[in-house]
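Comments concern the structure below.
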Amino acid sequence: MSRMPTFPTAKTMASSTLSRVLPMALLLTGDIVSAQTYKIDSDSDIKSTAKSLAENVLTYYHGNESGQTPGILPGPPPAGDYYWWEGGALWGTLIDYWHYTGDDSYNDLITQAMLWQVGPNKDYMPPNVTASLGNDDQGFWGMSAMLAAEVNFPDPPSDQPQWLSLAQAVFNTQADPGRHDDTCGGGLRWQIPFSNNGYDYKNSIANGCFFNLGARLARYLDNQTYADWAEKTWDWVTSVGLMDSDYRIYDGAHVETNCTDINKAQFSYNNAVYLLGAAHMYNYTNGDSKWETRLNGLVDATIRDFFKNNVAYEISCEEHMTCTTDMLSFKGYLHRWMTTLTQIAPTTATKILPVLQKSAQAAVNQCTGPPDGKTCGFGWSSGTFDDSVGAGQTMNVLGAVSSLLVGSAKAPVTNSSGGTSAGNFNAGSGSNSFTNTPAPITTGDKAGAGILTAIVLASALGTFAWMSLGA
Ligand SMILES: *[C@@H]1O[C@H](CO)[C@@H](O)[C@H](O)[C@H]1NC(C)=O
Ligand SMILES: *[C@@H]1O[C@H](CO)[C@@H](O)[C@H](O)[C@H]1NC(C)=O
Ligand SMILES: *[C@@H]1O[C@H](CO)[C@@H](O)[C@H](O)[C@H]1NC(C)=O
Ligand SMILES: *[C@@H]1O[C@H](CO)[C@@H](O)[C@H](O)[C@H]1NC(C)=O
Ligand SMILES: *[C@@H]1O[C@H](CO)[C@@H](O)[C@H](O)[C@H]1NC(C)=O
Ligand SMILES: *[C@@H]1O[C@H](CO)[C@@H](O)[C@H](O)[C@H]1NC(C)=O
């Protein structure tokens, strides 16, 4: 397709599915901003904008350079800005980029990165990151592996772990009894090793990643076991009040208070992760009315809470720019996962896509930063570059822009509708779950308790010793 004229014509606008649901006002917005560096008025504009943004985001990545570690963005702090999980999120963003644009320039880079970080048990728990390993961190890598299976991203060589089995491994380690306890009536903790800061916190994102993976695996493999876990997780999250009846999702709460001290901060990645999961449950159950209600309620709440005049807005931190590096990447997941959900639950498309189109336009409008006049900031609402630059800020815009091609993209496949990724129901078994109750206690109850304490202590010391060695 050749380059589109400066002013979109009715014909070029009609060429994209999105435009069919665009109100007239948006066409005018398009006209006004057409002098901007980045254009998204046609499929070819979207592709060239996305290509430039993908190049840009990869300037933050050095894992393919000699002496560097494949898969990760510079970090974790203080070694660099980024925690381990954001690398996993980056590869998911670039898998979507390939899926939507067809540009396979980075596929080898993505595969190398995704496979380097699988860890010894092929479950995304590499020992290097144990000291800050949360269920959410592991979950983000697992969700990127799941995405690779769903979009038929090229399968790794057969002697390497496969996308589906990696997603199953993450799920299985999180479904392990060692990760579940009775505090707060259930749910996953934030951190995995009990010696980590944050092990006493049960939060929405850790449980959201598990819910999301369960729902997607249920649909992909048409298997009720995964759906049962997703259902159970949703029920727990709502019963404990982490999601309220107005579909507000709160950050988390501490086990010391039996999860009654709910931190009410709301973040868009929570809505995104639960929305995509709910859409999969809706699809898996063939449009079950319970999931339809939940899905529609959450769609409305997300547009209510995280879009200001139809432009993505990170409500808890954007106003005073107190967003952390992590938070600076959430808008991208919001756009990408709301987009995918319109394929899984097509009745939501007319409500969601016009909002995302307008938001994406605002996203590119502010990409006018130095040195090239095309650098993106974080705030999309004001229309001007805000000087906040980084991998997350660029990933956000890349995700929003490449998702605009959804109208010509294939919906996520399943094992019975063209998916080629090989799975393994036992993937991840034998992993170090860190919190597993130690195996058979053969002496009496009283001694047993002592042994348990001794083992827990020894294991804590072991972890600390390992951390010192690692430092
Ligand atoms: C690393 O990947 C980037 C993006 O594909 C590429 O521009 C760069 O040349 C690569 N570096 C090395 C050392 O291969
Ligand atoms: C762990 O860290 C070492 C030392 O930096 C590095 O060589 C190795 O590739 C890392 N492993 C992973 C899975 O990142
Ligand atoms: C702790 O919270 C759970 C879930 O809300 C509740 O079922 C349980 O009764 C509570 N336990 C105590 C001791 O309050
Ligand atoms: C489930 O997803 C498929 C796309 O894979 C879609 O065609 C179908 O309409 C969806 N089912 C429901 C109930 O929305
Ligand atoms: C997935 O599909 C393949 C090919 O149709 C089939 O051989 C395999 O048994 C399926 N796997 C599961 C877990 O259903
Ligand atoms: C469904 O998934 C569970 C959990 O991984 C597995 O144990 C079971 O064998 C699967 N059932 C079928 C019918 O494939």
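Annotations
- Vicinal HN-Hα couplings computed from phi for the stretch 322-330 (Karplus, 6.51 cos²θ - 1.76 cosθ + 1.60; Hz; Gly/Pro x): 9, 5, 7, 3, 4, 5, 6, 10, 5
- Contour excess over end-to-end distance, with Cα ends at residue 160 and residue 256 and 0.36 nm allotted per residue: 30.3 nm
- Centre-to-centre separation between the Cα atoms of the stretch 172-198 and those of the stretch 301-326: 29 Å.
- Where a label projected 7 Å from the Cα of residue 324 along Cα→Cβ would reach, residues of the stretch 172-201 with amide N under 20 Å: 188-201
- At R0 = 35 Å, FRET efficiency that the Cβ-Cβ distance of residue 225 and residue 197 yields, to 0.05: 0.60
- The length gained on full extension between residue 293 and residue 411, counted as 0.36 nm times the residue separation minus their Cα-Cα distance, comes to 40.3 nm.
- Contour minus Cα-Cα distance for residue 65 and residue 183 (0.36 nm per residue): 38.0 nm
Every read-out reported here was derived from the displayed coordinates using simple, explicitly stated rules and does not represent laboratory data. Here the structure is a predicted model, which is why all the values come from computation and not from measurement. Backbone-built Cβ (ideal geometry, glycine too); neighbour counts: all protein chains shown.
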